[in-house]
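> This is the structure I have questions about; it appears just below.
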Amino acid sequence: MTAARDASPSSPARLLADTLAMLKRLGVTDRPVFDGILRTTLESHPRYLGVWSVWEPNALDGRDSDFVNLEGHDDTGRYIPFWNRGCGSIAVEPNVFYETPGVGEFYLRPRREGRESVIEPYDYPVAGSRRFITTQVAPVFFQGGCVGAAGIDIAVEEIPGVAHHADDENPVETLLHRGFVFLDGGRASYCSARSRRLLARFVGPAAAGELPLPLQRMLEAVEQSATPAAFSFSSGGAELVVRPFAHSSTGRGLLLVERASGAGLLAPLSAREHEVLAWMTHGKTNAEIATILGISLHTVKRHVEKILQKLGVPNRSAAISSRTIGPSTYPDRHPDPLAC
């Protein structure tokens, strides 16, 4: 994703995943304690539709068989709670489709790639109805391996209502490091200050409520061909990816993601390197990281050297800044999970 200057050192999903991992390292594996953290996080953030976690089989407490089909669980007994306010009040239900290719990217991608990311808008069942959501997710690491993931869900249709004025920064867009544009016909019914700046910088100027002419023409061509597409515009060593989306509740819209051209990992980080980088993000010294992870100081120094090399950055500060601004991917639209 972009080298966004407003990115915080740690995303909400990363902080949540690190908190759960820390409890596990301390020997705390009581599911009600973990549920309490997820629920409290949701209660404290009214803009979130849901807060959740999915763990590998028996990875939390080795007691999956004791929780089969209990509240917030399915017939596997895995720890997979999805705390949400889909019915107006906060309740828990089990996550679904977390092992299904395509629709399960909200869990499969962080497990596969070992890094935090934002899942582009997709359909997902929430409290018995289908919702169009976007997800920020981070892997949970323990003893050098990925044992699960934790994430937050945002209802896409509610994003325009978060900013009080068209010239205000939309805190959800800042959180996700993305801009959203909602379309009504050929005009922009919602285009935040962030989105207007991105479009002006990468595509060109436009009158109020209008899209830049080059983008209008590209969208018209896509509509005529009925071929899904994403457009890329470059400027000053960075690029803007514009991805159209459509949904029954939101109508048509555009997702705008800025990223540094060619930026990102030169080689993937190992699970242990991700752990070391996570503690670096929390301000821990090499000696403190060695104590936390139960490894030697020399080993930590080697991990730090490899992290800097793989990220292509000169020092710890630059590595920490890159924590939430790594490369972004643009998967195909997920299939409707209710049709599975």
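> Subtract the Cα-Cα distance of residue 23 and residue 298 from 0.36 nm times their separation in residues, and report this length gain in nm to one decimal.
96.4 nm
> Can you pull the percent of region 93-162's accessible area that's carbon plus sulfur, 1.4 Å probe, other chains left in place?
52 percent
> Under a 5 Å amide H to amide H cut-off, with H placed in plane at 1.01 Å, what residues pair with residue 190 once short-range neighbours are removed?
182
> Starting from the Cα-Cα distance between residue 100 and residue 189, subtract it from 0.36 nm times their residue separation and give me the gain in nm to one decimal.
Net length gain for the segment: 28.5 nm.
> I'd like the trypsin sites (Lys or Arg not before Pro) in region 189-259 restricted to DSSP loop residues with at most 15 other Cβ atoms within 10 Å, sorted by number.
none
> Tell me, what is the 1.4 Å probe accessible area of residue 284, in Å² to the nearest 10?
Per-residue accessible area (residue 284): approximately 70 Å².
> Give me the three principal axis extents of region 63-186 from the C-alpha atoms, as integers in angstrom, largest value leading.
52, 34, 23
> In nanometres, what is the gap between the two model label sites at residue 309 and residue 63, each 7 Å from Cα along Cα-to-Cβ?
4.4 nm
> Another question about this same structure. Under a plain spin-label model, where a point goes 7 Å from the Cα along Cα-to-Cβ, how far apart in nm are residue 70 and residue 47?
If labels sit at residue 70 and residue 47, their model points lie 3.5 nm apart.
> Right, here's the next one. Could you list which residues have their amide H under 5 Å from that of residue 169, counting only those 5 or more apart in sequence or on another chain, with H placed in the peptide plane?
none
> Right, something else. Remind me, what semi-axes does region 121-220 give for its equivalent ellipsoid, largest first in whole Å, using sqrt of 5 times each Cα gyration tensor eigenvalue?
31, 16, 14
> Next up: Going through region 67-125, which GluC sites (Glu not before Pro) have at most 11 other Cβ atoms within 10 Å and a DSSP loop state?
Answer in residue order: 71.
> Across region 130-142, in residue order, what do the Karplus-derived ³J(HN,Hα) couplings come to in whole Hz, using 6.51 cos²θ - 1.76 cosθ + 1.60 with θ = phi - 60° and x for Gly and Pro?
Result, ordered by residue: 7, 10, 9, 10, 10, 10, 9, 9, 9, x, 9, 10, 8 Hz.
> Right, something else. What per residue convex hull volume, in Å³, comes out for region 18-97 when only alpha-carbon positions are used?
95 Å³
> Report, by chain and number, residues whose modeled amide H sits under 5 Å from the one on residue 140, excluding near sequence neighbours (fewer than 5 apart, same chain).
Answer set, sorted by chain and number: 147, 148, 149, 150.
> So what J values fall out for region 281-286 if you push phi through Karplus, 6.51 cos²θ - 1.76 cosθ + 1.60 with θ = phi - 60°, rounded to Hz, Gly and Pro as x?
Once rounded to whole Hz, the list reads 4, 7, x, 7, 7, 4.
> What list of ³J(HN,Hα) couplings, whole Hz, do you get for region 79-92 from phi and the Karplus terms 6.51, -1.76, 1.60, once you set θ to phi - 60° and write x for glycine and proline?
Calculated HN-Hα couplings, in order: 7, 9, x, 10, 7, 8, 10, x, 9, x, 10, 7, 8, 10 Hz.
The values are calculated or read from the model by the stated rules, or taken from the named source; none is laboratory data. Nothing here was measured: the structure is a model prediction, and the numbers come from that model. Every residue, glycine as well, gets a Cβ built from its backbone with ideal geometry; the counts of neighbours run over all protein chains shown. In case anyone asks, the SASA skips ligands and DNA or RNA and just uses the protein heavy atoms, side chains included. Shrake-Rupley method; radii C 1.70, N 1.55, O 1.52, S 1.80 Å.
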